[in-house]
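These notes are about the structure you will find just below.
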Amino acid sequence: MRADLLAEPVAGLDEVLTAVDAFDLALAGGLLRPRPAQAAGLTDLADAVAGTPLAGRVAEAAGKAAAGAAGEDDFVALAAARAALLGSVHDALVTRLDEVTGRARGRETAPPAADRQPANLLAAARSWLSDLARCGWQGIDHEVVSGAAHVVSAMLPDPALRRQATLLDGFAAELAASCPGASLDRVPLRRWGDLWARAMLLTVPGAAPAPPAGTATGRLLPLGVDVQEHATAVQAQVHAVFEPADGAAPRLVRAAVSVPKPDTVVGAGLWQLLRPHMSLLTAVGEGRAMDLTDMPVTTEGDLLWSDARARPGEPADAFATARVVLPTAGDAATAPLDRHPARIAVPVFLEGYTVRKADDGVLTFTVAGHSLAVDTDRMPTAGPLTPEAVAASGACIGLLRWDAGTFGVQPLAVETTVRKKAVAIHAGGWAGGTTDKAGVRAEKAATDAVAVLRERAGRLLRK
């Protein structure tokens with residue numbers, strides 16, 4: 001791995017992010033009666049895309065927004081401009097990471113799917129998002145935020161709209177927890193700008209995910225599990241190497257399962273919600289490969305998991321996979337709407353590094369003489385991997401990410417020494433169940449919490 005390239009600046013990045021920040025500041029104050037400083041932020045956004053096909057439409061939308069006369073189509077244009085700028089940041093960073101890892105990357109993505117989503121619900125979602133843009137984050141109150149409730153309730157029963165519904169539900173929950181906006185000491189500008197723009201674009205007809213590009217038959221070798229938790233939902237995403245049965249080159253793929261959750265279920269209890277929906281989690285916990293037969297897969301490398309098309313295979317050590325197969329695996333292309341620096345997660349294998357621990361507990365790997373930040377905050381509490389284990393490790397499977405202007409690594413698994421014995425500790429080690437005392441206690445507590453919630457739900461339904 002060319003660790004030296006991770007510290008080199010990427011040309012043009014700061015200028016693009018400055019334009020995005022200027023728009024986010026304008027959005028925070030609300031676009032119903034924008035002030036001169038907000039109008040300047042809108043102009044900066046339009047200027048940043050002046051040399052692109054978006055130029056004319058975004059300039060018009062920025063002018064209307066600066067005058068307080070923007071409509072839904074104008075907000076969509078502004079969201080598209082913001083997404084395009086961050087997409088260019090994503091592309092520049094991914095190009096750099098391709099140089100770092102030396103792996104090939106696919107460039108083609110599938111065309112958008114034909115739109116079969118109810119136009120009225122998408123329009124209702126856009127209307128609510130437009131109201132948010134007009135009042136701004138500093139002007140939100142419970143009345144404005146609660147406008148999402150009926151839209152989410154109508155979307156959730158439709159599988160084709162569940163992606164948008166989950167996004168809107170989580171976004172509204174964050175905003176509701178921060179009401180009233182006028183009392184906020186600090187506003188998460190980039191995060192709420194990201195959520196608003198993504199939600200706005202996903203309500204555009206034709207923005208639905210493309211159908212699977214093909215099927216996968218062969219052996220799946222898991223590398224690790226990334227758990228992403230929100231107060232209203234949780235997702236487990238398994239990063240793996242797929243070896244096609246026809247002898248073609250191996251490639252990196254992902255398989256994810258997402259479920260809604262109550263905010264009282266945390267830690268190891270999350271697996272009880274996730275486990276029934278994907279047998280792959282049990283295989284990860286047991287350290288096994290999976291044999292796939294005609295598993296649907298997108299051009300972007302996402303397996304649309306079906307337990308009926310998978311069966312447990314032979315034992316497969318993730319570190320053996322990382323050492324032998326990962327360097328030869330190709331990276332998948334990125335879908336247009338997923339081109340965002342926050343979504344960068346490139347699997348890598350590191351060894352021979354030294355670990356430095358700062359006084360505040362922050363860890364840094366020194367790889368070939370170059371420092372690499374270690375993001376232990378992303379490691380789930382739903383597993384046995386701890387910062388202490390990472391600090392004592394000699395090898396690591398992780399995800400290269402980019403945050404706050406620098407590259408860092410999120411550990412998925414490490415090799416370390418426990419009681420003079422070499423062991424591998426995985427973030428997803430409890431995915432299929434555990435005999436670990438801490439894990440058993442956490443699962444029991446979660447079982448009790450889920451039982452209480454189900455009993456209460458049943459009581460409400462009986463009434």
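The values are calculated or read from the model by the stated rules, or taken from the named source; none is laboratory data. Note that this is a predicted model, so its numbers are computed, not measured. All Cβ positions, glycine included, derive from the backbone under ideal geometry; neighbour counts span all protein chains shown.
Here Ala368 clears all of (1) under 26 Å from the mean Cα position of the chain (by Cα); (2) surrounded by fewer than 21 Cβ atoms within 10 Å (Cβ to Cβ) except the condition numbered (1).
Is it true that some residue in region 212-228 is closer than 30 Å to Thr416 by Cα and surrounded by fewer than 17 Cβ atoms within 10 Å (Cβ to Cβ)? Scanning region 212-228, I find at least one residue that is closer than 30 Å to Thr416 by Cα and surrounded by fewer than 17 Cβ atoms within 10 Å (Cβ to Cβ), so the answer is yes. Considering region 292-349, the residues that are among the polar types (S, T, N, Q) and part of a loop (DSSP other than H, G, I, E, B) include one that is surrounded by the fewest Cβ atoms within 10 Å (Cβ to Cβ), namely Ser306. Checking the conditions here, which among Ala104, Ala113 is small (Gly, Ala, Ser), assigned by TED's automatic domain parsing to the domain that holds Gln138, at pLDDT below 95 and touching a strand residue (DSSP E or B) at 6+ places or on another chain (Cβ under 7 Å)? When all the criteria are applied, what remains is Ala104.
Results for (1) of a type outside the set (Val, Ile, Thr); (2) modelled with pLDDT under 95; (3) over 22 Å from His426 (Cα atoms), shown as yes or no for each residue.
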| residue | (1), (2), (3) |
| --- | --- |
| Val284 | no, yes, no |
| Met290 | yes, no, no |
| Thr293 | no, no, yes |
| Thr299 | no, yes, yes |
| Arg309 | yes, no, yes |
| Glu314 | yes, no, no |
| Ala318 | yes, no, no |
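Considering only residues that are in contact (Cβ under 8 Å) with a residue 60 or more places away in the chain, farther than 21 Å from Asp375 by Cβ and β-branched (Val, Ile, Thr), which ones fall in region 215-274? Selection gives Thr215, Thr217, Thr232, Val241, Val253, Thr264, Val265.
Scanning region 395-413 for residues that are surrounded by fewer than 19 Cβ atoms within 10 Å (Cβ to Cβ) and modelled with pLDDT of 95 or more gives a single hit, Ala395. Residues in region 386-403: is at least one more than 19 Å from the chain's Cα centre (by Cα), closer than 21 Å to Thr101 by Cα and assigned to a strand (DSSP E or B)? Yes, because at least one residue in region 386-403 is more than 19 Å from the chain's Cα centre (by Cα), closer than 21 Å to Thr101 by Cα and assigned to a strand (DSSP E or B).
Val367 - would you say it is modelled with pLDDT under 95 and not assigned by TED's automatic domain parsing to the domain that holds Pro222? Criteria met by Val367.
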